[in-house]
Amino acid sequence: NRNGLAPEGPALPANWPQSGLQQIWQSQPFSSDVGDGSAGGYGSVVVADERVYAFVNRKIVDPDEGSRRATDVVLCWNAATGKPLWKNETPGSVSHWGSSSTPCIVNGRCYVIGGAGTVYCLDSKDGSEIWAVEPSQVRRDISSSIEVVNGKVILMCGLLTALDAKTGDTLWQQPALTGSDNSTVLWRSEGQDYLICNDEKSKSVACVSAADGKVLWTTVGGGKSTAVVVGDTMVVLTPKMMLAYTLTIDGPLELWRNSEVHDRGTSPVIYEGHVYHIGSRGSAACIELATGQLAWLEEVPDTEISSPIVVDGKIIVQQEWGKKLTMIRPTPQKYEVLSQVQLPLSRAASPAVVDGKLYVRLNHAVACYDLTSPGAIQQK
């Protein structure tokens, strides 16, 4: 749901030993050519149907010619064992961030955006290509991720675009929204599907009909952050402030804005009547959702642009540019760190948690850790 709230699972301990978390498995390195995120992108892992998926924009440097090329790689592992199931490789395009899209798994298909802006639709069982298209006016170096709504593949790729999920044919494009870092968020109202789109260039948040791409309204927003929607409430972070709105079809009703809390790329989480922000500018904050009253604001280690996730009443987030994983108690009383462990995390990817297991992207691989029974890390 893109709201930072993990599905229900087993109870998790409120502390981790200093020795760290028990590692269940770690994949083989993506490639000898990919040593860190800048060489392979920063897309997050996604877990679906007992499988783990990741996209890597693998940069390759030819030492003899000094030239660079890239390959778009989508990988799939067994979620329980880490056994490689398949790998799809396609010639790609070299980009600064390596392209950082997260795959989307729907109805047995895997959708992802490549380094040159190519949209791939693969069979999620074996990785075979079903279709691949390059939308009109698509950008390169895309970090936004796909959402599938009623048979439409929705992506912000230079123009907000909807493709037919079965064929890849373009259904509509919306030139008023040109982001490539933000991802759309689905909002349902009166039986209809709408897309909430934060857009850096226009410095606005827009509500768009998923059916035809028509813009219903826009309001103050902007930046690279993806908005968070819970029910009819939206919270969005911009480089200048955090804002909260009540969503209606006729237009948003601003609840409050806070200029003390701002960010360039992370998303907040809404939990038990409060908004929690652990951000990329060395700050963490808690704000009462109904009133906008600031409960606390603290200086904390930088998270880069990784976003937090709420699991079993605890916030898990990476900090110190991916060097540490931190567990925080979400309470309006104070900023309270429950535990921290050192892990070689990809500095901009966000974690995924399923059934008490933590799936993360490392600098050069993907790994799975047990959150239910702390133990020593077994590096592989």
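Potential lengthening of the chain between ASP212 and SER128 amounts to 27.2 nm, from the contour at 0.36 nm per residue minus the alpha-carbon distance. Overall, the ratio between the Cα radius of gyration of the stretch 148-205 and 2.2 N^0.38 Å, rounded to two decimals, is 1.11. For the chain, a crude dipole built from +1 on the beta carbon of Lys and Arg and -1 on the beta carbon of Asp and Glu, taken about the Cα centre, is about 420 debye to the nearest 20. A Förster radius of 41 Å, combined with the Cβ-Cβ distance separating ASP250 from THR331, puts the computed FRET efficiency at roughly 0.70. Just one of [x] 29, 28, 18; [y] 40, 23, 17; [z] 36, 22, 20 is semi-axes √(5λ) of the Cα gyration tensor in Å as worked out from the coordinates here. Which one is it? Checking each listed value against the structure points to [x].
Once the 1.4 Å probe is applied to the protein heavy atoms, the stretch 187-295 comes out at 39 Å² accessible per residue. Per residue, the convex hull spanned by the alpha carbons of the stretch 271-380 comes to 95 Å³.
Peptides 8-20, 205-217, 110-122 ranked from most to least packed, by the mean per-residue count of other Cβ atoms within 10 Å: 110-122, 205-217, 8-20.
What the Cα atoms of the stretch 274-328 give is an Rg and a Dmax of 11.2, 35 Å. Using a simple spin-label model with pseudo-atoms 7 Å out from Cα toward Cβ, GLU89 and ASP49 lie 2.5 nm apart.
Ordering THR90, LEU160, ILE146 by Cα displacement along the dipole of the chain toward the positive end leaves THR90 in first place; charges were set at the Cβ atoms of Lys, Arg (+1) and Asp, Glu (-1).
In the chain, Cα pairs under 8 Å separated by at least six residues give a relative contact order of 17 percent. Near SER280, once Lys and Arg are set to +1 and Asp and Glu to -1 for all other residues with Cβ below 11 Å from its Cβ, the sum equals +1.
Taking a virtual spin label 7 Å from the Cα of GLU190 along the C-beta vector, which residues in the stretch 215-254 bring their backbone nitrogen under 17 Å of it? Within reach of a label on GLU190, which here means backbone N under 17 Å from a point 7 Å along Cα→Cβ, the stretch 215-254 contributes 215-218, 232-233, 246-253.
Per-atom-type breakdown for the chain gives carbon and sulfur 45% of the accessible area (1.4 Å probe, protein chains only).
The values are calculated or read from the model by the stated rules, or taken from the named source; none is laboratory data. None of the values given here were measured: they were computed from a predicted structure. Cβ sites come from the backbone with ideal geometry, for glycine too, and all protein chains shown count toward neighbours. Areas reflect the complete protein model, heavy atoms only, side chains present, ligands, DNA and RNA absent. Shrake-Rupley method; radii C 1.70, N 1.55, O 1.52, S 1.80 Å.
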